[in-house]
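Notes follow the structure.
The values are calculated or read from the model by the stated rules, or taken from the named source; none is laboratory data. Since this is a predicted model, take the numbers as computed values, not measurements. Note that we place each Cβ from the backbone using ideal geometry, even for glycine, and neighbour counts take in every protein chain shown.
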Amino acid sequence: MRMYVYEPGDGFCGNGARAVSKYCFHHYRKLYNQFIISTDGWLHELLERGEHEQDEQDVEYLVEMGESLYHDPAGDFIEKGILDKEGKFIHSNVTWHYVNTSEPHLVTFDKIDDKELIRIGSSFNQEPNKFPIGINLNRVLNIDQSTINVLTFERGINRLTPACGSGSTSSVALAKRLGFIDQAVSKVTVKVRGGHLTVINEKGKVYLSGPCLVEGIDKEVSKNV
């Protein structure tokens, strides 16, 4: 799977991978019982859960998101020397943590408004020396042990996005790492502008799940999706 973005190089899209998962299972489930997406340096298992014979829209499609990394020692995504030993830095009085879950992200739990997120995101994505391929920024509000709210400024499109799968997964991983959410919690709901996503920890793997409508497969596709 290749996703093309405006910035140099390819990108990965967790929600796009879920759509690919639905497409693959719908068209080829009689031929294959397993699908794996290969991206640059990552392999992502696709899963289908539910009774597709009854209603395709009730079936759950998941994508394995891979391991979350909290440092970039090679400086591929963020200039060497910016991150401290814990994988974070402070800019404009905001603490940013680096998390890479198939896509490079910065995550903050500080209370900044939408305009400030856009301002900082726009600034960072105009600094190729510091962020060679651009960088995604996420503002996280911790609601409770099983629910968080995530707003993402996405590289490439350089604006706030309705939902970001890798950003949601990175935010949940960091929330657990920092102790906002207990490591034993296996399912976290992520509220995003476009609705909600679910990050699932299962048998040592992390999966992304959420609503998925594909034109030509579902009987009716919402114009708002």
For the range 138-155, how many residues are of a type in the set (A, V, I, L, M) and either at pLDDT below 95 or farther than 15 Å from H196 by Cα (or both)? 2
Can you say whether E79 is outside any strand (DSSP E or B) and either modelled with pLDDT of 80 or more or surrounded by fewer than 18 Cβ atoms within 10 Å (Cβ to Cβ) (or both), as far as the supplied structure shows? yes
Which of the residues that make up the range 152-201 are of a type in the set (F, W, Y) and farther than 27 Å from N125 by Cα? F180
Within the range 21-44, restricting attention to residues that are modelled with pLDDT of 75 or more and closer than 21 Å to A163 by Cα, which residue is surrounded by the fewest Cβ atoms within 10 Å (Cβ to Cβ)? I37
Is at least one residue of the range 46-67 buried (at least 18 other Cβ atoms within 10 Å of the Cβ), among the aromatic types (F, W, Y) and in contact with a helix residue (DSSP H, G or I) (Cβ under 7 Å, 6 or more places away or on another chain)? yes
Going by the structure shown, is N100 more than 13 Å from the chain's Cα centre (by Cα) and either of a type in the set (G, A, S) or in the same structural domain as F180 (by TED's automatic domain parsing) (or both)? no
Condition met for S102 (polar (S, T, N, Q), surrounded by 18 or more Cβ atoms within 10 Å (Cβ to Cβ) and not in a strand (DSSP E or B)): yes
Looking for whichever is touching a Leu at 6+ places or on another chain (Cβ under 7 Å) and either touching a residue at least 24 places away in the same chain (Cβ under 8 Å) or among the basic types (K, R) (or both) here; the options are L151, L141, L178, L174. Which one fits? L151
Condition test on I148, is it over 18 Å from the mean Cα position of the chain (by Cα) and surrounded by 16 or more Cβ atoms within 10 Å (Cβ to Cβ)? no
Does the range 156-172 hold any residues that are hydrophobic (A, V, I, L, M, F, W, C), surrounded by fewer than 24 Cβ atoms within 10 Å (Cβ to Cβ) and modelled with pLDDT of 95 or more, and which are they? L160
